[in-house]
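Contents: one structure, followed by commentary.
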Amino acid sequence: LDDTIRWLKPRLERERPHLLFIGSMTLSFPGAIEIAKTAKSILGDDVIIALGGKHTNETHFVEDGELALHDGSPLKLMRDGKIDEVFDFVLSGDGEEVIREFGEIIGSMLSEGLPLINIKRDPSLFERFRNARGEWVLGWTVDREIQYIESNGEYINYDEMPVPAALFTIDSAFSVFDADLTAHTYSDTSKGCIYSCSFCSEGQAIN
């Protein structure tokens, strides 16, 4: 984490992004909190931070028409005051088209000179997210109260989408493999293992 923060700070100060996406598995969730805190300390309300990834997929979802929250849910932790409200939005599920909508909305708000933090309080903006295909639940807190919207469930055909590993290239490696570049193949090509065994966290059923 210390190395990451040292790498991140000068880039935040130089680029001053208006939109920051953080992806996190459960083991790295404490680090995601610290990264969000760092960004907010530098950029304040001039940045909107959206958290996604496997941890959120596993800790908030809609079940029987109600928002279900695991004890480790970032939304529940922010609501209960166990962590600061450092994530403006928390996304569970398919994020590909939701990310695009974030960019469009933030861009239009900047062009109109609107404070970005208004995105959390303007219901008309949330309706724009419903254009995004996929199965997803987008949640946020306002004054420690949880609000959310869910997708209309329109399917994304992943066979027609570019593979991230091909789009961005593979440029990282695990240290145990010396210089060999590596990719987490199912994460880059699918929603998870087709077998969905009950004892494993890598199954399609929860991704």
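Less than 5 angstrom separates the built amide H of Gly203 from those of Cys193, all sequence-distant by 5 or more or on a different chain.
Here the stretch 45-192 is treated with +1 on each Lys and Arg Cβ and -1 on each Asp and Glu Cβ, and its dipole about the Cα centre works out to around 180 debye. Full extension of the chain between Ser190 and Glu66 yields a length gain of 41.9 nm, computed as 0.36 nm times the residue separation minus the alpha carbon distance. For the chain, averaging the sequence separation of C-alpha pairs within contact (under 8 Å, six or more residues apart) and dividing by the residue count gives a relative contact order of 15 percent. Segment Asp2..Glu145, full-extension length gain: 48.3 nm, with 0.36 nm per residue of separation and the alpha-carbon distance subtracted. Can you find, among Ile42, Ile117, His55, the residue farthest towards the positive end of the dipole of the chain? Put +1 on the C-beta of Lys and Arg, -1 on that of Asp and Glu. Result: Ile42, furthest along the dipole toward the positive end. Based on the Kirkwood radius over alpha-carbon pairs, what value in µm²/s does the Stokes-Einstein equation return for the translational diffusion coefficient of the chain at 20 °C and 1.002 mPa s? The estimated diffusion coefficient comes to 117 µm²/s. Using Cβ point charges alone (K and R +1, D and E -1), the dipole size of the stretch 8-96 about the Cα centre works out to roughly 520 debye.
In straight-distance terms, cross-link reach from Lys191 covers every one of the aspartates and glutamates whose alpha-carbon lies under 17 Å from its own, apart from those fewer than eight places away in the same chain; here that gives Glu58, Asp94, Glu96, Glu97, Glu135, Glu154, Asp159, Glu160, Glu202. The heavy atoms of Ser124 offer some 70 square angstrom of accessible surface to a 1.4 angstrom probe. Take the Cα of Gln204, go 7 Å toward its beta carbon, and the backbone nitrogen atoms of the stretch 81-119 under 19 Å from that spot belong to 93-96. Helices in the chain, meaning DSSP H runs of at least 4 residues, each add -39500 (n - 2.57). Divided by all residues, the mean residue ellipticity at 222 nm is -10000 deg cm²/dmol.
The values are calculated or read from the model by the stated rules, or taken from the named source; none is laboratory data. The shown structure was predicted, so the numbers you read here are calculated from the model rather than taken from an experiment. Backbone-built Cβ (ideal geometry, glycine too); neighbour counts: all protein chains shown. Surface areas here come from the heavy atoms of the whole protein model, side chains and all, with no ligands, DNA or RNA. Shrake-Rupley method; radii C 1.70, N 1.55, O 1.52, S 1.80 Å.
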